[in-house]
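Comments concern the structure below.
The values are calculated or read from the model by the stated rules, or taken from the named source; none is laboratory data. These figures come from a predicted structure and were not determined experimentally. Counting neighbours? That spans all protein chains shown, and the Cβs are built from the backbone with ideal geometry, glycine included. Protein only, heavy atoms only, side chains kept; ligands, DNA and RNA dropped before computing areas. Shrake-Rupley method; radii C 1.70, N 1.55, O 1.52, S 1.80 Å.
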Amino acid sequence: MRFSIALIAASAAAVQAGVFTQQTYNDISISGGVAGNAEQEALAVFSALDPNNLAAADDDDIDFLKSVNRICNDAEDKAFNPAIDAASGEEADALQRGKIKNKVLKLEATILRLKIQQAQGDDVADDMAAEQKKLDNNIKQDEDEAGKASTFLSFDATTA
């Protein structure tokens with residue numbers, strides 16, 4: 001009987017663990033390649049999360065999504081902005097497209113976090129509307145540049 005209880009407890013603990021694992025910025029970055037598909041690329045990063053059962057997400061999932069936002073902000077401030085400022089012409093344009101894709105990743109993480117909070121009963125409608133507007137703007141910018149080179153920048157950061 002003790003074995004059964006221990007097994008049930010271990011199974012319950014495993015179910016409660018978040019679906020995301022710690023990753024580096026470079027592992028989750030979508031900034032490289034070409035512009036035009038940032039939304040799909042970002043959603044693929046978060047595909048482990050069941051969009052039909054967001055209420056089941058746990059604090060580890062929320063922490064992961066918050067950390068994606070944080071490290072994407074850091075990459076923008078400490079990598080993309082200085083590189084764009086130092087570049088010109090197509091090099092600067094490709095870096096800007098990478099920065100926009102980075103913003104799409106950051107904002108998709110934020111929207112997913114807000115959707116989880118909403119599914120769990122929090123009133124986040126105002127925040128969600130504001131973040132969705134930003135996301136829609138960056139997706140449009142990415143789509144407007146579809147097919148053009150987008151520059152990946154390596155950045156040393158890790159998710160929660």
> Out of GLU90, GLU131, GLU145, which single residue is closer than 13 Å to GLY36 by Cα and either among the acidic types (Asp, Glu) or in contact with a Cys (Cβ under 9 Å, 6 or more places away or on another chain) (or both)?
Replying inline: GLU145
>> Please go through the range 33-48 and give me each residue that is open to solvent by less than 20 Å² (accessible area, probe 1.4 Å) and of a type outside the set (A, V, I, L, M, F, W, C), ordered by number.
In response: GLY36
> Which pairs do you get when a residue that is part of a helix (DSSP H, G or I), found in the range 40-57, comes within reach of a residue that is of a type in the set (D, E, K, R), reach meaning Cβ atoms under 6 angstrom, with the pair 6+ apart or on two chains?
Replying inline: ALA42/GLU108; LEU54/LYS115
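With the requirement that a residue be part of a helix (DSSP H, G or I) and farther than 17 Å from ILE71 by Cα, what does the range 17-37 give you?
Residues of the range 17-37 that are part of a helix (DSSP H, G or I), as a first pass: 25-28.
None; the set is empty.
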> Conditions: (1) more than 15 Å from ALA42 (Cα to Cα); (2) under 16 Å from the mean Cα position of the chain (by Cα); (3) modelled with pLDDT of 95 or more; (4) assigned to a loop (DSSP other than H, G, I, E, B). ALA160 meets all but one. Number of the miss?
Replying inline: (3)
